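The values are calculated or read from the model by the stated rules, or taken from the named source; none is laboratory data. All figures in this text were calculated on a predicted structure; none of them were measured in a lab. Here the Cβ positions follow ideal geometry from the backbone for every residue, glycine too, while neighbour counts run over all protein chains shown. Side chains are part of the model used for accessible areas, which takes the heavy atoms of the whole protein and leaves out ligands, DNA and RNA. Shrake-Rupley method; radii C 1.70, N 1.55, O 1.52, S 1.80 Å.
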Amino acid sequence: MKMKRQAISTPAKLLGLGSVALLAGCQGEKQVPQQPNVVLIYMDDLGYGDMSAYGATKIETPNMDRLAHGGIRFTNGYSSSATSTPSRYALLTGEYPWREKSAQILPGEAPLIIDTARMTLPKMLQEKGYHTGIVGKWHLGLGSGTVDWNQRVAPGPNELGFDYSFIMAATQDRVPTVYLENGQVVGLEADDPLFVNYQENFEGEPTGLDNPELCTTMMWFNGHNNSIHNGIPRIGFQKGGKSAMWVDEDMADDFLQKAQDYIRNHKEKPFFLYYAMQQPHVPRTPHPRFVGTSGMGPRGDVIVEADWCVGELLKTLEEENLMANTLIIFSSDNGAVVNDGYYDDAEEKLGDHQPSGPFRGGKYSLFEGGTRVPFLVYWKGTVEPAVSDAVVMQMDLFSSLAKLVGSDQRGPDSEELLDAFLGRSEKGRSELIMEATTKTAYRQGDWVFIPPYKGPAVNKMVNIELGNSSEPQLYNLADDLGQQVNLAESEPEKLQEMTEAYERIRNPKQ
Ligand code: NG6
Ligand code: CA
């Protein structure tokens, strides 16, 4: 007798399978445990070509590769944007970031940009009984007005669905250079309060601009010339809070330890851990034991360091016997950048390493290098190792994980692609909009359309082609992965079709 779709979970229960569901349409496939732990490892600026599993030959990433070779390695995995804040916004809300104007690279003093009344990925999981935690980079704003860093800072991750948070507010190159645990600045002492200002400096405080002699760890190249901490000039001004300041070289260990503690402390019920690492974003500050390990300077060294962290996290899951019941997702918030504003030898020691792999552009770019990122799904014993060409976005994790855990919640733009994520289907998205600093482009099938945009073709400071052109651009990725041949003139009908399809999503008629 054929089972009806809706009836599928009932017989599973009758068979005593407990929290096991069969995936509709996949008879004969293994059953999927319904409430696995979910660990999302999220890199900052790791490019498609920065992992050996994605073709890097100059750098070894054995632990990331373990996830790639033992799970599904997506070749068409996208972040939702070519920069951090919008990608993280889409990840947590399941909504295209260009719908929210404030979802652009935020300063460290920006208010929270997601309404606390809103459904989010961690809230959806909480509703299903999960304990939820974030460790690492936040970058979605904190508080609702001017933040007093000497009080509990809220709303923030804890008000958006994370039961536990240990975060840096924005980025490693932005003040305040402190961690916050559940909204409290860690290690702050009452007699040395912390003040932050992005408009003007505090009287008598040195800056990278006026005091280059104090930039002893790293010198600024572009921007990054405000307050100095740990010999590194930053974006934004801060004063006080000395006892709370992080040590950049220890950051990887600090986050790793909190992530490991979180796993050990919450293994009794299903948990969601969002482990948002800081590498290889600037300033690249490997712990001394990783200095020189890549032969490519600090950018390579912090990738080696990050890879080690991934290995240690996997060890913890193994030690706690959690591997078979933990779905691990690995990706990066945007594509690669080499020089992102400090003199750190990244250009000089790059050699022939290609951080964006075969793709044109990188971070900040509308070309594929901006948003096409490493994307891995690993689940020991449940997900079969494979390479998948399905088109998937990080924004789709919201609805897909909801489906997995039996939640009816869906993100507004988030497609439910659970079968693709678990390697049971090659069918991903048929279309998507990618975003780069407020500009957008459109992919449908193998075709990519980039509308005409004002602005420089190349951001010379970071040496990245942005995708701006006075002419429309049309590429066919099927035989032009590197977006070298603009077909806009030779394929006018396709151009017209793509323009209309793009406009339908981007500027729908009311
Ligand atoms: C840019 C910074 C860059 C980086 C980026 C955000 C300058 C010149 N450049 O404005 O270094 O911090 O913002 O990166 O200040 S992201 O990955 O968090 O989006
Ligand atoms: Ca980033």
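Key figures
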item	result
Per-residue SASA entry for ASP345, accessible area with 1.4 Å probe, Å² rounded to 10	60 Å²
Accessible-area value, VAL196, 1.4 Å probe, nucleic acids and ligands omitted, Å²	30 Å²
Difference of contour (0.36 nm per residue) and Cα-Cα distance, ARG99 to VAL291	65.0 nm
Distance (nanometres) between label positions extended 7 Å along Cα→Cβ at ALA501 and GLU347	3.8 nm
Euclidean distance of C-alpha centroids, segment 73-120 and segment 396-419, integer Å	17 Å
Helix runs (DSSP H) in the chain reaching 27 Å along axis by Cα, Kyte-Doolittle at least -1.0	297-319
Volume per residue that the Cα convex hull of segment 194-244 spans, once the total is divided by residue count, Å³	73 Å³
Per-peptide average of other Cβ atoms within 10 Å, ordering 281-290, 78-87 highest first	78-87, 281-290
Extension gain, SER470 back to ASP253 (0.36 nm per residue minus Cα-Cα distance, nm)	73.5 nm
Exceeding the 19 Å Cα-Cα cut-off - candidates LYS58/LYS460; LYS137/LYS363; LYS427/LYS494; LYS123/LYS403	LYS58/LYS460; LYS427/LYS494
Förster radius 22 Å - calculated FRET efficiency between GLU181 and LYS315 (Cβ-Cβ, nearest 0.05)	0.40
Percent of C-alpha pairs per 5 Å bin, segment 278-432, short to long	2, 8, 13, 17, 17, 16, 13, 9, 4, 1, 0
Computed E for SER144/ASP480 - FRET, C-beta separation, R0 45 angstrom, nearest 0.05	0.45
Normalised per residue, the volume of the convex hull around the Cα set of segment 148-239 (Å³)	111 Å³
Per residue accessible area of segment 105-206, 1.4 Å probe, in Å²	38 Å²
For segment 438-506, the spread of Cα positions along each principal axis, largest first, Å	36, 27, 19
Accessible surface of the chain, 1.4 Å probe, proportion on carbon and sulfur as whole %	49 percent
MET461 accessible area, assembled protein chains, probe 1.4 Å, Å²	90 Å²
Computed over segment 341-459, Cα set: Rg, Dmax in Å	17.2, 51
Within the chain: Cβ-based charge dipole about Cα centre, in debye rounded to nearest 20 (Lys, Arg +1; Asp, Glu -1)	1820 debye
Pairs of Cα atoms farther than 42 Å apart, the chain, %	15 percent
